Every structure is written in structure tokens, then in C-alpha cells.
Amino acid sequence: MTHWKLAARAEKMNPSAIREILKVTERPNVISLAGGLPSPKTFPVTEFAAACAEVLATDGQGALQYAASEGYAPLRQAVADMLPWDVDADQVLITTGSQQGLDLIAKVLIDPQAKVLVETPTYLGALQAFSPMEPEAVSVASDAEGVLPEDLSAKAAGARFIYLLPNFQNPTGRTMSEARRAAVSAAAQAAGLPIVEDNPYGELWFDEAPPLPLTARNPEGCIYLGSFSKVLAPGLRLGFLVAPKALYPKLLQAKQAVDLHTPIFTQRMVSTVMQGGFLERHVPKIRALYKAQRDAMVGALQREMKGLDVEFNVPKGGMFLWLRMPEGIDATALLAQAVERNVAFVPGSPFYAGEPDPRTLRLSFVTATEQQIATAIAALAETVREALAHRAAAQVQQQLAAAH
């Protein structure tokens, strides 16, 4: 009999809690507020059909051949041109989704037991990308504006980098203010701490654009990650990273070992679609749709959760909203009860590198219709009421038992 012995790093790999929950949402009649999926209404199918034909007609053989690991030169230049600081196209590495960028960073920068700093809470996919390299992931205390500079300074010694999502963060939807960005950037520079800045949602602002990226303040001390998944389509699996020139070669070598290059046909199609200012015309439509759905969810929460001691934020952009349940309610346990009422969400605990807050959960407002949002939030409120009633009844039983 053959015996397979797993590498130690494989033992560190865990299934995505979100992907497991998405299996539940495949049931008929379940309204999913769980997945971080962009609305398919925003996918520019017609434009990609035209770009596909153009790419094949113009240079079909080149589009179907192996290509440079760095990425398609016109696309790299387009990325450099659209960023709000001075970027050389030679610093841009096209990746197979920004998730691959996280994987490459982990391979190049993390040794076993190396300290990596993250927000509280942080993006689950980043924790998954980092964990096979066996780091010590340390949570930095955070509030509604992101990480606290004083705690960052206290924990920075010996850390390889801090991973941050300043814009409409996944999972909380919070945005780092200008003042906080200045303070965090200054604290990181004072400590000699590199920043990995992940910005997949930055263009999805509703009323005003977020402040300048952290990377713009100290390009040599940061790696910047971006994605076309949220502004074009996630099925393209197309992202990019911008790295200091001294670090770029090692990231490129790591990519060469993974997939040689991101599909060149996809890169050429995206480059073609982006010509003529398409994103400037297209992205405002996404913002308008998502803002209306955000407003629908906030209105439903204000209406349905009244008197339930449920806390939630109002994100200024992005795709997510963060809730904190009343005392004694565990969001993971609540999920099973919510699914019985045909609504699904993501419990907050998997997003914490340190001690989780079991009362938290994430809602996505971009894939459900406004009517579905209203129905789902009403069902979620009923689930919370039922859980509170059960908890009160259990407390009464405990008191009676103690009295006897």
C-alpha cells in the first residue's frame, strides 16, 4: 500500500470558511449575503466579446503562445499610468488574481516563525496565503479607522511586514482616514517596517474617493496589490502588484516557478477593453449600483434590528458591511439557524489572526437585489430574536436550578 507523507507546510493549510459556506448557499431559496462575489450585472460581456474577436484577428498566434512572466507590456504600462504616484512599468508584475500576489509575497518574505503583522480582523484569504510559510501572525489592535499606530509601533520589532487593506476593508468595510494613513505610514517608516497594501476595492467608492494609498507616501517601503476582479470580472483571474525594483526580481522568480506567466490571452483582452477610457465610463455604473444596494441593506438593518442591540457600520464603498451581535450570541452557531430561514452570511471568527470576536459577522450587499436584501435582513432579525429568546429561557432555567 502506498503511503503519502504530507509536508509540514501542508498541515498548515485549511479550507476557506467562506468557500465552505458558499456550498450551503447553493440550496434553492437561500439568499446569500455571504460570498464576496461582484454583481454579474456589472460584467461587460459585450465589450469582452468584441475584444476577444479583435485580439484573435490582430495577433491570434501571439495571444495563444507562451509569453513574458512579467506580463503584457501594454497592460503593465496601463497599470503604471493609472496609479496616483510615479510608477515605472518595470515595477508592475501581472498576477493571476491578486491572491497570487499574496502567495508570491509569502514565499519571498516569510520564513517559518517569522512575525507578520495584520489588522484586527483581516482578510481571510491573506491568512490562508501566508499560513503555509508558517509565520507567527500577530494582530495589531484596530478601530473603525484601521490599525492603531501606537500598537503597530509596539509590535513592529522583528516583523517582516504589515498587511493592510486601507480602502473598504474585507471583512469590515472600514476605510482608513487621511490622518490615520499619515500616522500609520510614519510609524511604519520609523520602525523600518515594510507595508503590503492590498487595494482590490479602492475604485468602488460611493460619494468621494478615498485618500491616497499608503504606497504613494513611501513607494520604496511598500508592495501594492491591485485587481481587475472588482471593476471588470473575477473570472478573468487578473491582478497585479507593484514592488520596489530591488525586490521585484525575487517576486518574478517566484511567479516563474508557479505558472510561468498569467494567461496572455486574458491580459491582451483586458488591455484592449481598457483602451479609450472604458473604466472611467464603466466603474461609475458599478458604484451607483452598489451604493443603492448598500443603502437598501442599511435601511433594512435600521428597520429590522431596532431594539436588538445589534451594532453595524455604514461603509463608504466596497462590498461589505460588518455586524456585531448582542452579548451571548455566537455568529457561527447563528448561521445554521439563519440558513433554516433561507439566509446566509459569513461568521467573523475566521477573519481574526488572534483571539476572535465570536459575535461578529460579515454581510455582502452587492449580489442580492434590494428586495432580496429586505427579505434576508428580516429573516436574520427573526433569527437573532429567536436566539435571544432561547438564551433568556436558558438563563431562567439556570437560575431556577441554582435556587433549588
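Quick notes on this structure:
- Of the residues making up the stretch 348-377, those that are crowded, with 23+ Cβ neighbours inside 10 Å and not in a loop (DSSP other than H, G, I, E, B) are F351, L361, R362, L363, S364, I373, A376, I377.
- Total residues in the stretch 176-208, condition farther than 18 Å from L83 by Cα and among the aromatic types (F, W, Y): 1
- Some residue of the stretch 304-325 being in a helix (DSSP H, G or I) and closer than 14 Å to I377 by Cα: yes
- The residue that is farthest from Y248 (Cα to Cα), among those in the stretch 192-218 that are open to solvent by 50 Å² or more (accessible area, probe 1.4 Å) and out of contact with any strand residue (DSSP E or B) (no Cβ under 7 Å at 6 or more places or on another chain), is D207.
- Residue list for the stretch 110-132, filter: open to solvent by 40 Å² or more (accessible area, probe 1.4 Å) and either more than 18 Å from the chain's Cα centre (by Cα) or not polar (S, T, N, Q) (or both): D111, P112, Q113, K115, Y123
- The residues on offer are F265, F278, F320, and the sole one that is of a type outside the set (A, V, I, L, M) and within 19 Å of T369 (Cα to Cα) is F320.
- Number of the exception - L251 against (1) open to solvent by 50 Å² or more (accessible area, probe 1.4 Å); (2) closer than 30 Å to R217 by Cβ; (3) part of a helix (DSSP H, G or I): (1)
- Here the helices (runs of 4 or more DSSP H) wholly within the stretch 1-113 that include at least 1 residues being of a type in the set (K, R) and at pLDDT 90 or above are 73-82, 98-109.
- Number of the exception - A338 against (1) touching a strand residue (DSSP E or B) at 6+ places or on another chain (Cβ under 6 Å); (2) surrounded by 21 or more Cβ atoms within 10 Å (Cβ to Cβ): (1)
The values are calculated or read from the model by the stated rules, or taken from the named source; none is laboratory data. Owing to the predicted nature of the structure, the values given are computational and were not obtained by experimental measurement. No Cβ is skipped: glycine too gets one built from the backbone with ideal geometry, and neighbour counts run over all protein chains shown. For the accessible areas, the whole protein counts, side chains as well, though only heavy atoms, and no ligand, DNA or RNA atoms are used. Shrake-Rupley method; radii C 1.70, N 1.55, O 1.52, S 1.80 Å.
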